[in-house]
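Encoded as structure tokens, the structure appears first; notes follow it.
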Amino acid sequence: MNLPSLLSRCQTEKGGITLSRIDVLVVEDDPMVAEIHQNFINTLEGFRVVAVAGDGAKALELLETLPVRLLILDIFLPGLDGLNTLRKIREQQKNVDVIIVSASRDVNTVNEAIQAGAFDYIVKPFVYERLKASLESFRQMETKLRRGPRDVAQADIDSLFQVKSRKNYQ
């Protein structure tokens, strides 16, 4: 990560710098839905939408220049769809995680998303508390990974996977 990317993710905290903001790219072809996602995510502490892309090709282009840590990714996109976008991100070994937000309920699609390493999968329509829970879970995992020791015990690893799977959205 280059210095401008690092600095864009920092906030000053009483004499020090802490990595606390998670930069998000929303990938959604419906402009109204994209705007709603953006407005909601920007209200959450520690998150900032840095860009919106209407298709997978544009998302991949933006990932080349923006310090994005998390994608909110639709499956049904024109041109390069969400699953193929996710596959390309993994092929390019980008340090970015993905939360799928899609109307697709197809079990094969869900399975492919899991196998490609999606952090979460949320089915539209949804309540925003569900997205908020997923984002907060992601932030907890990020915090544990960034602020924890370089070597971890099995209990630490178990805790990370529990954070990923524990999303309080009742």
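The values are calculated or read from the model by the stated rules, or taken from the named source; none is laboratory data. None of these values were measured; they are calculated from a predicted model. Don't worry about glycine lacking a Cβ; one is built from the backbone with ideal geometry, like all the others, and counts go over all protein chains shown. Note: areas computed on protein heavy atoms with side chains; ligands, DNA, RNA excluded. Shrake-Rupley method; radii C 1.70, N 1.55, O 1.52, S 1.80 Å.
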Practice task
Please list, ordered by first then second residue, the pairs with beta carbon atoms under 6 Å, 6 or more apart or interchain, first in the stretch 15-39 and at pLDDT 95 or above and among the small types (G, A, S), second surrounded by 14 or more Cβ atoms within 10 Å (Cβ to Cβ) and not in a helix (DSSP H, G or I).
Solution key: A34/V26; A34/E28; A34/V52
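If only one of L145, L131 is assigned to a helix (DSSP H, G or I), closer than 15 Å to I22 by Cβ and open to solvent by 50 Å² or more (accessible area, probe 1.4 Å), which one is it? Quick ask: steps written out before the conclusion?
Details: L131 fails: open to solvent by 50 Å² or more (accessible area, probe 1.4 Å).
Step by step, each of L145, L131 is checked, and only L145 is assigned to a helix (DSSP H, G or I), closer than 15 Å to I22 by Cβ and open to solvent by 50 Å² or more (accessible area, probe 1.4 Å).
For (1) in contact with a strand residue (DSSP E or B) (Cβ under 6 Å, 6 or more places away or on another chain); (2) aromatic (F, W, Y); (3) free of Cβ contacts under 8 Å to residues at least 12 places away in the same chain, each residue gets a yes or a no:
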{"site": "I72", "(1), (2), (3)": "yes, no, no"}
{"site": "F76", "(1), (2), (3)": "no, yes, no"}
{"site": "D81", "(1), (2), (3)": "no, no, no"}
{"site": "N84", "(1), (2), (3)": "no, no, no"}
{"site": "I99", "(1), (2), (3)": "yes, no, no"}
{"site": "N108", "(1), (2), (3)": "no, no, yes"}
{"site": "E112", "(1), (2), (3)": "no, no, no"}
{"site": "Q115", "(1), (2), (3)": "no, no, yes"}
{"site": "V127", "(1), (2), (3)": "no, no, no"}
Practice task
Only residues in the stretch 142-170 that are over 26 Å from F126 (Cβ atoms) count as the first member; pair them with residues that are part of a loop (DSSP other than H, G, I, E, B) and at pLDDT 65 or above, Cβ under 7 angstrom, at least 6 apart or cross-chain, and list the lot.
Solution key: D156/G148
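Does A34 fit the bill of being open to solvent by less than 10 Å² (accessible area, probe 1.4 Å), more than 21 Å from N108 (Cα to Cα) and in a helix (DSSP H, G or I)? Quick ask: steps written out before the conclusion?
Numbers: open to solvent by less than 10 Å² (accessible area, probe 1.4 Å): yes; more than 21 Å from N108 (Cα to Cα): yes; in a helix (DSSP H, G or I): yes.
Taking the combined requirement at face value, the residue satisfies it.
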Handout entry: Test result for V107, of a type outside the set (F, W, Y), closer than 19 Å to L25 by Cα and open to solvent by 20 Å² or more (accessible area, probe 1.4 Å)
Key = no
Practice task
Report yes if some residue within the stretch 58-65 is under 22 Å from K124 (Cα atoms), open to solvent by 60 Å² or more (accessible area, probe 1.4 Å), free of Cβ contacts under 8 Å to residues at least 24 places away in the same chain and not in a strand (DSSP E or B); otherwise report no.
Solution key: no
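If I ask for residues that are within 15 Å of P31 (Cα to Cα) and either open to solvent by 80 Å² or more (accessible area, probe 1.4 Å) or touching a helix residue (DSSP H, G or I) at 6+ places or on another chain (Cβ under 8 Å) (or both), which ones from the stretch 76-96 would you list? So that I can check it myself, show each step before the final result.
Step one: of the stretch 76-96, the residues within 15 Å of P31 (Cα to Cα) are 76-78.
Result: F76, L77.
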